[in-house]
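Enquirer: Attaching a single structure in C-alpha cells format; questions to follow.
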C-alpha cells in the first residue's frame, strides 16, 4: 500500500484538471483495502474511489480526503466460460484476454479506457454490448458496513450509464474488488451500428469472431477518439438522450434520428448544431466525434463548466433537449 500526500488530481485524470488531493493511496492487494479505509476513517476523511480517471473530472478546489487508486490485478477462470477479473485490471486488457480465448460477450468494449472495477459503475457499453449482458456479480468492500460483500447483478439497478454504484444513496459506498462475468463460445451476431456496418462493407469482412470484432472496434474507435496520452479528454462527455413517446415524435418531425428505445444520439445533435471543431473557453469539440470534448488549454474546472453550459444552452435552444454530462465530478 503506497500513500502519497498533496497529489495533483489533474495528473490522475485524463481531462487533466483539478487541484490537490490530501492523500492518494494505491491499493495493490485485497488486504490493502481495509487498511486504506481505516487510514481514512481514523482521520475522519471522505473517500473517493478512482481507476484510471478516464471518466472523472477534477475540480479546482481539489479533494480534502483520500483517493483510493484500485491497482489490484488478476484474471482467473472459474469454469470454461466464467471469469473473475480483479478491479484494477484495465478493461481493454480483459477484453484482449477473452478474445484470445475466442470467448464472446465483451469484444465490442475494446479500446474503452478505464478499469474493470469501473465497468459496472457506469454499466459501460459500446456498439450494442453492455457489461450487464455478461455480468453475474461483483465482490466489493462496503465502506458503510465495513465488510466484504457479493452483489448480484439483479441488485445493481443497472441502466444506461448508471447503477447503484453511482446513483442514489449508495453512490460511492462500494469499492469493487472483482467482477464475475459469464461469456459464450458462440459467435454472436454483432450489433451493427452504422460505423461498424460501414467498416464491414468497406473491408468486405466475413469473419465475425470475437478477435475480428475486437480488431474492427479498436480501429474504428481510435480513428475517431483521442488517445488519453495524446490529448486531454474524458471520452464521451455527454450522454445520449432518452425520450418518452411524445418527445420522440416531436424530434422525428424535426428530422432528428431517434433510435430504438427512443434514444437520440447526442453526438448528432452537437454535430448538426454546427459545433464540431468549435472551441469554448479552452475546450474544443472534437472534429472527428462531436461527443468528445478536448481540453486544449483550459487550466481550471471553471473553464470546462463554462464550455459545458454554452454547449448545453445551444442544444436546448435548437432542439429543446437538455444534454447531461457523462463523467462524474470528484467531490
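Each row is one residue, and each column tells you yes or no for (1) assigned by TED's automatic domain parsing to the domain that holds residue 87; (2) more than 30 Å from residue 317 (Cα to Cα); (3) in contact with a helix residue (DSSP H, G or I) (Cβ under 6 Å, 6 or more places away or on another chain).
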{"residue": "174", "(1), (2), (3)": "yes, yes, no"}
{"residue": "212", "(1), (2), (3)": "no, yes, no"}
{"residue": "222", "(1), (2), (3)": "no, yes, no"}
{"residue": "225", "(1), (2), (3)": "no, no, no"}
{"residue": "240", "(1), (2), (3)": "no, no, yes"}
{"residue": "248", "(1), (2), (3)": "no, no, no"}
{"residue": "260", "(1), (2), (3)": "no, no, no"}
{"residue": "263", "(1), (2), (3)": "no, no, no"}
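Enquirer: List the pairs whose first member sits in segment 71-96 and is on the phi > 0 side of the Ramachandran plot, whose second member is at pLDDT 95 or above, and whose Cβ atoms are under 8 Å apart, counting only residues at least 6 apart or on separate chains?
Expert: Filtered contacts from segment 71-96: 74/84; 74/85; 74/86; 74/89; 74/178.
Enquirer: Being outside the structural domain of residue 38 (by TED's automatic domain parsing), over 27 Å from residue 78 (Cβ atoms) and surrounded by 16 or more Cβ atoms within 10 Å (Cβ to Cβ): is that true of residue 199 here? So that I can check it myself, show each step before the final result.
Expert: On the way: outside the structural domain of residue 38 (by TED's automatic domain parsing): yes; over 27 Å from residue 78 (Cβ atoms): yes; surrounded by 16 or more Cβ atoms within 10 Å (Cβ to Cβ): yes.
It is true that residue 199 is outside the structural domain of residue 38 (by TED's automatic domain parsing), over 27 Å from residue 78 (Cβ atoms) and surrounded by 16 or more Cβ atoms within 10 Å (Cβ to Cβ).
Enquirer: Would you confirm, using the coordinates I've provided, whether residue 235 is at pLDDT below 95 and at positive phi? I'd like the intermediate steps shown before the answer.
Expert: Numbers: at pLDDT below 95: yes; at positive phi: yes.
So residue 235 passes the test.
Enquirer: Here's another thing I want to ask about it. Check segment 42-54 and report whether any residue there is farther than 16 Å from residue 115 by Cβ, out of contact with any strand residue (DSSP E or B) (no Cβ under 9 Å at 6 or more places or on another chain), outside the structural domain of residue 295 (by TED's automatic domain parsing) and in a loop (DSSP other than H, G, I, E, B).
Expert: Looking for residues that are farther than 16 Å from residue 115 by Cβ, out of contact with any strand residue (DSSP E or B) (no Cβ under 9 Å at 6 or more places or on another chain), outside the structural domain of residue 295 (by TED's automatic domain parsing) and in a loop (DSSP other than H, G, I, E, B), one finds at least one in segment 42-54, hence yes.
Enquirer: Say we look at segment 1-20 and pick out the residues that are out of contact with any helix residue (DSSP H, G or I) (no Cβ under 9 Å at 6 or more places or on another chain) and assigned to a loop (DSSP other than H, G, I, E, B); which of these is nearest to residue 34 (Cα to Cα)?
Expert: 12
Enquirer: Taking the condition of being closer than 22 Å to residue 56 by Cα and surrounded by fewer than 18 Cβ atoms within 10 Å (Cβ to Cβ), how many residues in segment 215-224 meet it?
Expert: 2
Enquirer: Right, next: Report whether or not residue 71 is surrounded by fewer than 23 Cβ atoms within 10 Å (Cβ to Cβ) and either assigned by TED's automatic domain parsing to the domain that holds residue 115 or within 15 Å of residue 176 (Cα to Cα) (or both).
Expert: Judged against the criteria, residue 71 is a match.
The values are calculated or read from the model by the stated rules, or taken from the named source; none is laboratory data. The model shown is predicted, which means the values in this text are computed figures rather than measured ones. When we count neighbours, we look across all protein chains shown, and the Cβ atoms used for this are built from the backbone with ideal geometry, even at glycine.
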